[in-house]
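Let me begin by presenting the structure, written as structure tokens, before commenting on it.
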Amino acid sequence: EDMAQINPSILSADFARLAEEAQAVEGADWLHIDVMDNHFVPNLTLGLPVVESLRKATDTPLDCHLMIEDPDRWAPAYAEAGAGSVTFHAEAATAPIRLAREIRAQGARASMALRPATPIEPFEDLLPELDMILVMTVEPGFGGQAFLDVTLPKIRRTRELIARHGLPLWLQVDGGVSAATIERCAEAGADVFVAGSAVYGAEDPAAAVRGLREQAER
Ligand code: DX5
Ligand code: ZN
């Protein structure tokens, strides 16, 4: 099948050993960094200074997923800090077109995330402004949650919209992605797979990345 990208989420790593944990998954396509502000989601993780330090600790490009309020104010700084991809939430952005343009102007890929109950259809006309759509497959906030099957039709509809417009967008899924669920996501049209517990909970995280990629491309 098509090329699949696997992005380990450091949310499931040991935060006291982030550099080593980042290096443990070299060979992964991107390192997924979950930024949470305790307002948009009921959890608090890390911010800009940690992203700046991780940038120097690994050659793997950084995929920053901002689960924060007011991304209009904060997101461009993540691109400036060295993130290669910056994802803001559709539910939180006030001016998503301006925001996506600001992220791209910093040289990063601009991406927009949808919570499980947020439809893609109202955002159809925004697709050319974006490099990726993230369809959340759990309610954002925590690692280790069960994959929500109800999101599969939206993954399929998002892939259809992207194809209908002939756009090069990537389609990312995040939440509960594992050996048990990744094939369903790939079949529905996802091509970028975030995996937290399925990678960092494994005996050999780098091997888990290779296993997931092989399964997604099957
Ligand atoms: C959840 C985060 C995810 C999380 C995924 O809000 O956005 O990136 O780390 O963890 P798993 O793969 O364990 O569901
Ligand atoms: Zn995430």
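The values are calculated or read from the model by the stated rules, or taken from the named source; none is laboratory data. On a predicted model such as this, the values are computed, not experimentally measured, just so you know. Counting neighbours? That spans all protein chains shown, and the Cβs are built from the backbone with ideal geometry, glycine included.
Looking at ALA100, ALA79, ALA92, ALA75, can you tell me which residue is touching a Phe, Trp or Tyr at 6+ places or on another chain (Cβ under 6 Å), at pLDDT 95 or above and in a helix (DSSP H, G or I)? Explain how you work it out, then say what you get.
Numbers: ALA100 fails: touching a Phe, Trp or Tyr at 6+ places or on another chain (Cβ under 6 Å); ALA79 fails: touching a Phe, Trp or Tyr at 6+ places or on another chain (Cβ under 6 Å); ALA92 fails: in a helix (DSSP H, G or I).
So the residue among ALA100, ALA79, ALA92, ALA75 that is touching a Phe, Trp or Tyr at 6+ places or on another chain (Cβ under 6 Å), at pLDDT 95 or above and in a helix (DSSP H, G or I) is ALA75.
Just for region 103-125: of the residues that are assigned to a loop (DSSP other than H, G, I, E, B) and either modelled with pLDDT under 95 or touching an Asp or Glu at 6+ places or on another chain (Cβ under 7 Å) (or both), which one is farthest from ligand 1 (Cβ to nearest atom)? Explain how you work it out, then say what you get.
Taking region 103-125 and keeping what is assigned to a loop (DSSP other than H, G, I, E, B), we get 106-108, 115-120.
If we keep only those that are either modelled with pLDDT under 95 or touching an Asp or Glu at 6+ places or on another chain (Cβ under 7 Å) (or both) too, we end up with 106, 115-116, 118.
Values: GLN106: 22, ARG115: 10, PRO116: 11, THR118: 14 Å.
Taking the candidates together, the pick is GLN106.
On the given criteria, is LEU66 part of a loop (DSSP other than H, G, I, E, B) and out of contact with any Gly (no Cβ under 8 Å at 6 or more places or on another chain)? No; evaluated as a whole, the condition is false for this residue. All conditions but one from (1) assigned to a helix (DSSP H, G or I); (2) under 15 Å from the mean Cα position of the chain (by Cα); (3) within 22 Å of GLU21 (Cα to Cα) apply to PRO49; the one that does not is (2). Restricted to helices (runs of 4 or more DSSP H) entirely inside region 135-214, those with at least 2 residues that are under 27 Å from GLN23 (Cα atoms) and within 16 Å of ligand 1 (Cβ to nearest atom) are 182-188, 197-200.
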